[in-house]
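Input: a single structure, listed below in C-alpha cells.
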Amino acid sequence: MVLTTTDTADKADTLARGAIEARLAACAQINGPVTSVYRWEGALETAREWQLLLKTTDERYAALESWLVQAHDYETPEIIATPVTRGSAAYLGWVAAETAE
C-alpha cells in the first residue's frame, strides 16, 4: 500500500484515476480532508490535505513511485509504502492481476 497526500480533492481524484489507468495501482482510496502539521523550509506549517491510499504490488512499486513524482505538483510529495504482510488471497490476486504489465 502506498500513501500520498495532496492539497485538493480534485488533485487526489486525478492522481487516483491516473494511477489506475496506468495500471500502477488496482485501487485508490481518497480520505479527507485531513490536517497536516509539518516543518517545511524551516517554518512550521499547517495544511488541509487529502490522503490517497494506493493498492499495488511490490513489483509495480518503483513504477508507481516514479509516476507519482512526475504527476504530483508538490516539490517533495509524500510517498510512503507499507508492505502488506497478510491478506485475502482472492483480493491480493486481484491487485496483482489489475497491475500486471
Can you pull out the residues in segment 25-40 that are of a type in the set (A, V, I, L, M, F, W, C) and either surrounded by 14 or more Cβ atoms within 10 Å (Cβ to Cβ) or under 13 Å from the mean Cα position of the chain (by Cα) (or both)? ALA25, ALA26, CYS27, ALA28, ILE30
Being modelled with pLDDT of 95 or more, part of a strand (DSSP E or B) and touching a Gly at 6+ places or on another chain (Cβ under 9 Å), is that true of even one residue in segment 34-49? yes
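State all residues of segment 21-33 that are over 14 Å from TRP67 (Cβ atoms) and either out of contact with any helix residue (DSSP H, G or I) (no Cβ under 6 Å at 6 or more places or on another chain) or part of a strand (DSSP E or B) (or both); if no residue qualifies, say none.
Our first condition is that a residue be over 14 Å from TRP67 (Cβ atoms); within segment 21-33, this holds for 26-27, 29-33.
Result: CYS27, GLN29, ILE30, ASN31, GLY32, PRO33.
Restricting attention to segment 41-73, and to residues there that are acidic (Asp, Glu) and free of Cβ contacts under 8 Å to residues at least 60 places away in the same chain, which single residue is surrounded by the fewest Cβ atoms within 10 Å (Cβ to Cβ)? Step through it out loud before you land on a result.
Going residue by residue through segment 41-73, those that are acidic (Asp, Glu) are 41, 45, 49, 58-59, 65, 73.
Those left that are additionally free of Cβ contacts under 8 Å to residues at least 60 places away in the same chain: 41, 45, 49, 58-59.
Working: GLU41: 6, GLU45: 10, GLU49: 21, ASP58: 10, GLU59: 11.
That would be GLU41.
Could you grab me the full set of residues in segment 74-86 that are open to solvent by 50 Å² or more (accessible area, probe 1.4 Å) and not hydroxyl-bearing (Ser, Thr, Tyr)?
The initial filter retains those residues of segment 74-86 that are open to solvent by 50 Å² or more (accessible area, probe 1.4 Å), namely 74-76, 78, 80-86.
Passing the criteria: GLU75, GLU78, ILE80, ALA81, PRO83, VAL84, ARG86.
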Here is a list of conditions, (1) at pLDDT below 95; (2) assigned to a helix (DSSP H, G or I), and ALA97 meets all of them except one; can you say which number that is? (1)
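The values are calculated or read from the model by the stated rules, or taken from the named source; none is laboratory data. Model, not experiment: these values are computed from the prediction. Cβ coordinates were reconstructed from backbone atoms using ideal geometry, including for glycine residues, and neighbour counts include every protein chain displayed. For the accessible areas, the whole protein counts, side chains as well, though only heavy atoms, and no ligand, DNA or RNA atoms are used. Shrake-Rupley method; radii C 1.70, N 1.55, O 1.52, S 1.80 Å.
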